[in-house]
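**Q** Got a structure here, written out as structure tokens. Questions coming.
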Amino acid sequence: MDFTSLIISFIPSWTSVGLLLGFFSYLGIAGSILPGKLIPGANLSDGTRLHYRCNGMLSLLLLVGLLIIGAWMDYVSLTAISDRGLELLSTTFIFSVIVTLLLYVAGCKSKDQSASLKPHITGNILDDWWFGIQLNPSFMGVDLKFFFVRAGMMGWLLINLSVLAKSIQDANLSQSMILYQLFCVIYIMDYFFYEEYMTSTWDIIAERLGFMLVFGDLVWIPFTFSIQGWWLLSNKVELTTAAMIANCCVFVIGYLVFRGANKQKHDFKKNPKALIWGRPPKVVGGKLLVSGYWGIARHCNYLGDLLLALSFSLPCGISSPVPYFYPIYLLILLIWRERRDESRCAHKYKEVWAEYRKAVPWRILPYVY
């Protein structure tokens, strides 16, 4: 593809706009009417709390089922996304900019003093647009922060499945593609199975909704986390049996650490007396967990996340750094986030945090970092 063709491929079409708006419309409707567990969110500063309908798994399965039926009846093309990848990328980026500008304007005009909608205006236009003004803005009764996270994770799976359909259509399906797709499907399905855990994450609890979160959810997650699939479409990789077994081991270890650590944290927040690895939890200062994975490293869940990201790239071999963009980026991001978390927690917990650091000296990887 020459440079001119590359630029043209980024130009949004009405088809890409229709695909994106159709996807969002489906999510809004399905998320509102399909049954799902109603999960209370964290207590906000004014004593209120939001409730989240966790029906992401049902919404996803229904959507995939509808797409398969539509393809069987020749109403839709399973390669519609993979055929328009770059224009969908630019369309989603433009949508993110427009939405966050509207959120900025709405936040500036808001007189609401509730914890969810009270405007936090610094006076720096770029800063307020980037980080957001309101904590939990909504549209037609839909919490936008939770909605965009769900859209990003589903979008990642839909892109992968379309890339898989393209690979089958072009008759170049490889073991590497199957391995990559399998790992991603397990990871994303696991996310929606434990969707309620998302309600206790920092992004949902404390981050305001601005361009940083919207872009991260709608553009960054689906389009960069799927780079390995796009790369495998045009690059054939032959893996040895030993390499595939090693790759599976990395994925399994990463999954066990990631899911185990997050489950322990979520269970502890809901019930501070819940057993961890069959024993009562150990706590520093009555607040900070030092049992299970959280007694091994202060951010052991980050280690699991990094191993999972690496397992998504290993099926691509080592001939190019391109498929490793995701784990490299994630390593940089999580080290930065870990440093930010450490500073915030040190300020919040003061001497208790110093005691916690003595009890759990390692940040992410024991004996290394």
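The values are calculated or read from the model by the stated rules, or taken from the named source; none is laboratory data. Please read all numbers here as calculations on a predicted model, not as lab measurements. Backbone-built Cβ (ideal geometry, glycine too); neighbour counts: all protein chains shown. Remember, those area values only see protein heavy atoms, side chains included, never the ligands or the DNA or RNA. Shrake-Rupley method; radii C 1.70, N 1.55, O 1.52, S 1.80 Å.
**Q** Mean projection of the alpha-carbon convex hull of the stretch 276-343 over all orientations, in nm²?
**A** Taking the Cα atoms of the stretch 276-343, their convex hull projects to 5.9 nm² on average.
**Q** Quick check: pseudo-label points 7 Å beyond the Cα along Cα→Cβ at Lys350 and Ile245, how many nm apart are they?
**A** For the pair Lys350/Ile245, the computed spacing is 5.6 nm.
**Q** Which whole number in µm²/s is D for the stretch 129-267 by Stokes-Einstein, with the Kirkwood Rh taken over Cα pairs at 4 °C and 1.567 mPa s?
**A** For these conditions, the coefficient is 77 µm²/s.
**Q** What figure in square angstrom, to the nearest 10, would you give for the accessible area of Ile168 with a 1.4 Å probe?
**A** 100 Å²
**Q** While we're on this one: FRET efficiency for Phe193 and Ala274, Cβ-Cβ distance as r, R0 = 25 Å, nearest 0.05?
**A** The calculated FRET efficiency here is 0.85.
**Q** For a label point 7 Å from the Cα of Asp203 along Cα→C-beta, name the residues of the stretch 40-63 whose backbone N is under 17 Å from it.
**A** Hits in the stretch 40-63 for Asp203 at 17 Å: 42, 52-57.
**Q** Quick one: length gained pulling Glu238 to Ile318 fully straight, 0.36 nm per residue minus the C-alpha distance?
**A** Additional length available on full extension: 27.7 nm.
**Q** What length, rounded to one decimal in nm, is gained on full extension from Lys263 through to His120, with 0.36 nm per residue of separation minus their alpha-carbon distance?
**A** 48.3 nm
**Q** Per 0.36 nm of contour for each residue apart, how much would the distance between Arg49 and Thr4 grow if the chain were fully extended, relative to their Cα-Cα spacing?
**A** Gain in length upon complete extension: 11.1 nm.
**Q** Largest first and in whole Å, what are the equivalent-ellipsoid semi-axes of the stretch 181-263 based on the Cα gyration tensor, each being the root of 5 times an eigenvalue?
**A** Semi-axes from the Cα gyration tensor: 28, 19, 9 Å.
**Q** I'd like to compare 198-206, 268-276: which one has the highest average count of other Cβ atoms within 10 Å, and what's the full order after that?
**A** 198-206, 268-276
**Q** What nm value, rounded to one decimal, do you get for the distance between Ser77 and Ser13 when each label is placed 7 Å out toward the C-beta?
**A** The modelled label-to-label distance comes out at 0.7 nm.
**Q** If R0 is 30 Å, what FRET efficiency do you get for Ile328 and Asp112 from their C-beta distance, rounded to 0.05?
**A** It comes to 0.15.
**Q** In whole angstrom, how far apart do the alpha carbon centroids of the stretch 1-78 and the stretch 193-263 sit?
**A** 18 Å
**Q** While we're on this one: For the stretch 194-259, which trypsin sites (Lys or Arg not before Pro) are both in a DSSP coil and crowded by at most 13 other Cβ atoms within 10 Å?
**A** Lys236
**Q** Suppose we look only past 21 Å in the calculated P(r) of the stretch 250-369. What percent of the Cα-Cα pairs does that tail hold?
**A** Above the 21 Å cut-off, the stretch 250-369 has 43 percent of its Cα pairs.
**Q** Got a number for carbon plus sulfur as a percent of the stretch 160-319's accessible area, 1.4 Å probe?
**A** Of all accessible area on the stretch 160-319, carbon and sulfur atoms account for 67 percent.
**Q** Viscosity 0.692 mPa s, temperature 37 °C: Stokes-Einstein D of the chain from its Kirkwood Cα radius, in µm² per second?
**A** It diffuses with D of about 147 µm²/s by this estimate.
**Q** Continuing with this model, one more query. In whole percent, and with a 1.4 Å probe on the protein chains, what portion of the accessible area of the stretch 19-118 is carbon and sulfur?
**A** 69 percent
**Q** Calculate, for the stretch 1-152, the solvent-accessible area per residue in square angstrom, rolling a 1.4 angstrom probe over the heavy atoms of the protein chains.
**A** That works out to 57 Å² per residue.
**Q** Still on this structure, I have one more. Eigenvalues of the Cα gyration tensor times 5, then square-rooted: what semi-axes does that give for the stretch 1-141, in whole angstrom, largest first?
**A** Each semi-axis is the square root of five times an eigenvalue, giving 33, 25, 10 Å.
**Q** Can I ask one more? Whole-Å semi-axes of the stretch 172-218's equivalent ellipsoid, largest first, each the root of 5 times a Cα gyration tensor eigenvalue?
**A** 30, 15, 6
**Q** Related question: Under 11 Å from a label point 7 Å along Cα→Cβ of Arg339: give me every residue in the stretch 271-303 with its amide N that close.
**A** Of the residues in the stretch 271-303, none has backbone N under 11 Å from the label point off Arg339.
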